[in-house]
Amino acid sequence: MTPSRRPSAGPADAAVGRLYEKHKADVYRFARRLAGAPADAEDLVQEVWMRVVRHRVEISEERDMKAWLFTITANLHRDALRKARVRRLFLLAPRRDAGPESDVVASAPDGAPGPGALAEQSEAGRALERALAGLPNRQRSVFVLKMIEGYKHEEIGGMLGVPVNTVKTLLFRAVQRLRRELRDFGPETWTARENGQCDAKISGAF
Amino acid sequence: MRCKNIRRILTDELDAGTGGGPDAEARRHLSFCRECAAAAADLAGIRDRVRALPRPDLPAALDARTRRAIEAALSPAARPQPLPRGMVAVLAILTALTIVVVFPIVWGGEIAEPLTFRSAAAIALLLQNGVMLLIAPILFRRFGARTAPRRIDSPGGL
């Protein structure tokens, strides 16, 4: 290959640096919510940025680069889960259960909320973290993108490659599952609903 | 209004984010349907709880490691290099020999017996070319012969 055929390195390289500085925290936060275990999240983050470097010619100010990065993260996470399933199938790796060890808050040695935040977080909050980590991958991806990152259904569908109605269904299933998991740590709304007072809450729900 | 429609409205409301809540007809349904009222309360309650969770900070060690990895990947040493001229010459000679020596023999459909030097050379060249075909993809990957980068913004593209 002659040098003239190589992709222009300068501007694209600088764009990677700018993109990293702007979205490094977003990518890590999303990876943590998807992967659960800090070590898995760190591997995922590194893979994402290496993928970005390889495809740096696609970086553009005109595109929503955060959504692009989240798409890469979600797809790489899905691939990692698939590979892990294959390894388990051939008994090459032990199953990593989502239990207290993978609790994204309690077991985080670095990068998790600091000791102060941990102390402040209630048992219900930790239970929510555990329940979130226990959701099936697609439900968790949709839930995080909708409820935490605030993307619209259509955008999530585009990012994950699923129809909008599927996004809504996955979101509903995730919420139902979380509610079942968190029955003992129900938010105020659940307690209120069980007492027959939920109608008042609905008006402030949105 | 049916429960199925209400749940669609509730999720659409999450998208709209107007804060106004569902319309009057939906509110009427929610006032008597416990299931849908529960769904509405679940959506809002869980959303608020999740948004209140502490946001994990990027660990400094991971930040430094990733930054180093990016710099290394962008360094000139990591850039794809063209195939060395010597390797290109070897490939060209092998191709020419195949055409000049092997092709007429194969075309003729005969290999002299007992094996002559010419037939042995032809067989050796065939084997060599076979091996080269096998390792050529590795060489091209190693030396970075690139095709046009695949777009990765499609969900199935990664």
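Summary table below
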| item | result |
| --- | --- |
| Pairs, first assigned by TED's automatic domain parsing to the domain that holds B:L91 and at pLDDT 65 or above in the stretch B:101-128, second polar (S, T, N, Q) and assigned to a loop (DSSP other than H, G, I, E, B), C-beta under 8 Å, six or more apart | none |
| Some residue of the stretch B:45-67 being more than 30 Å from A:E21 (Cα to Cα), modelled with pLDDT under 75 and facing chain A (nearest Cβ under 7 Å) | no |
| Filtered residues of the stretch A:156-177 (kept if in contact with an Asp or Glu (Cβ under 6 Å, 6 or more places away or on another chain) and within 9 Å of chain B (Cβ to nearest Cβ)) | A:V175 |
| Residues of the stretch A:136-150 that turn out to be closer than 11 Å to A:F70 by Cα and modelled with pLDDT under 90, as a count | 1 |
| Elements of type helices (runs of 4 or more DSSP H) in the stretch A:1-92, at least 2 residues being more than 30 Å from A:L128 (Cα to Cα), modelled with pLDDT under 90 and of a type outside the set (V, I, T) | A:9-35 |
| Subset of the stretch A:121-155 [facing chain B (nearest Cβ under 9 Å) and of a type in the set (D, E, K, R)] | A:E129, A:K146, A:K152, A:E154 |
| Residues located in the stretch A:133-155, provided they are in contact with an Asp or Glu (Cβ under 9 Å, 6 or more places away or on another chain) and part of a helix (DSSP H, G or I) | A:A133, A:L145, A:K146, A:H153, A:E154, A:E155 |
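The values are calculated or read from the model by the stated rules, or taken from the named source; none is laboratory data. This one's a predicted model, so the numbers in the text were calculated from it and none came from an experiment. Note: ideal-geometry Cβ built from the backbone for every residue, glycine included; neighbour counts use all protein chains shown.
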